[in-house]
Structures are given as structure tokens and as C-alpha cells.
Amino acid sequence: MSEIDYIDDTVDSTPAVEPIRDSDSDTDTDSAPAQPEMDQVVITMPAKLKRAIVAVVNFVRSLFTGEIIINPTVSKGYDYLAYIAFLMLVSIITLFSSLHMEIRENRLSEQVRLLGERAVRTEEQRVKATTHSAIVKALAERGIELNDCHEPVTIINTQK
């Protein structure tokens, strides 16, 4: 068992920082211990804090060594981790497929716009080609004479 795994449940009554004593001093070392001076710090660590520190150190060590993978507590959550990974994968696939569809829709809408412009130009050309003067001119080039009707146009009423 390593030194860090050992947890002492008792509270230390001795200070964690001992007062500094001069070895040159004339005081007797066998006498009562000297009181710490005001500028020295006295630290005592409760058992709960020691356990918490050891737990954190053990966790960090298991992360770096890879022992966390075989930890029974962590291995119980593997199905949840697999589910989360699956959902992340589905989310990424959905994101890229929607991006692909948006690009495709933009491309198709651009093609529709170009086809609309082309249809307008074709319609203009058709209107120019089918005007009365264009028809007369085309018939004259072929040698056909067009006789226009000089009678007024009458509308036949088919409703009774």
C-alpha cells in the first residue's frame, strides 16, 4: 500500500508546521516545547480533508495511468457513454446531411432562377417573331402574299 493510500482517521493534535528553534540557543531541549511565535503558521488537517485530498490524488493518478478504464464504478457507465457517443455521431451526421441539402437547394434555386431568365428571353424572342409585321415580312421572303381582312370583326355570341 502506497503512502498516499493510507488514510489516518485520527485528528493530529501536533501542529503540521513545527516552530523553528535555534540550535545555538542556550535553552534546554528537554524542557517544555516553546510556544510558536506569532509569525509562524500552525496548520492541522482534519480527517475528512485528508480523505478528500487522497481521493482527488487517486482520481488524477488513475486518469493518467489509465486505471480509470477498469474502475468498476466507471465501467457501470459505459453503456451511457456509448449512448452519448452514438447521439453525438447521429448529430454530426444530421448536421452534415442538412448542410449538404442546403448547398443542393441553393444550387437548384440558382438553376431555377437562370431558367426563369432564359424563359423570359425566349418569350420576348417569340413575341418579336410573331408580331404582324414579322409574319408579313417572313411570308414576303417566301413569296407568299398576305391579304388582310378589311371587314370589321364580329363577335359570335354562343350563349343563348
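The values are calculated or read from the model by the stated rules, or taken from the named source; none is laboratory data. The structure presented is a predicted model; accordingly, all values stated were derived computationally and were not measured. Ideal geometry is used to build each Cβ from the backbone, glycine not excepted, and the neighbour counts take in all protein chains shown. When the accessible area is computed, the model is the full protein with side chains, heavy atoms only, and any ligands, DNA or RNA have been set aside. Shrake-Rupley method; radii C 1.70, N 1.55, O 1.52, S 1.80 Å.
Some observations on this one:
- Computing Rg and the Kirkwood Rh from the Cα coordinates of segment 58-113 gives a ratio, Rg/Rh, of 1.43.
- Dividing the convex hull volume of the alpha carbon atoms of segment 39-132 by its residue count gives 239 Å³ per residue.
- Computed from point charges on the beta carbon alone (+1 for Lys and Arg, -1 for Asp and Glu), the dipole magnitude for segment 44-160 about its Cα centre is near 1000 Debye.
- Cα gyration tensor shape for segment 116-160, rounded if a/c is under 1.5, else prolate or oblate: oblate
- Solvent-accessible area, 1.4 Å probe, carbon plus sulfur percent, for segment 64-113: 71 percent
- Gain upon complete extension [Ile69, Val136; 0.36 nm per residue less C-alpha separation]: 15.0 nm
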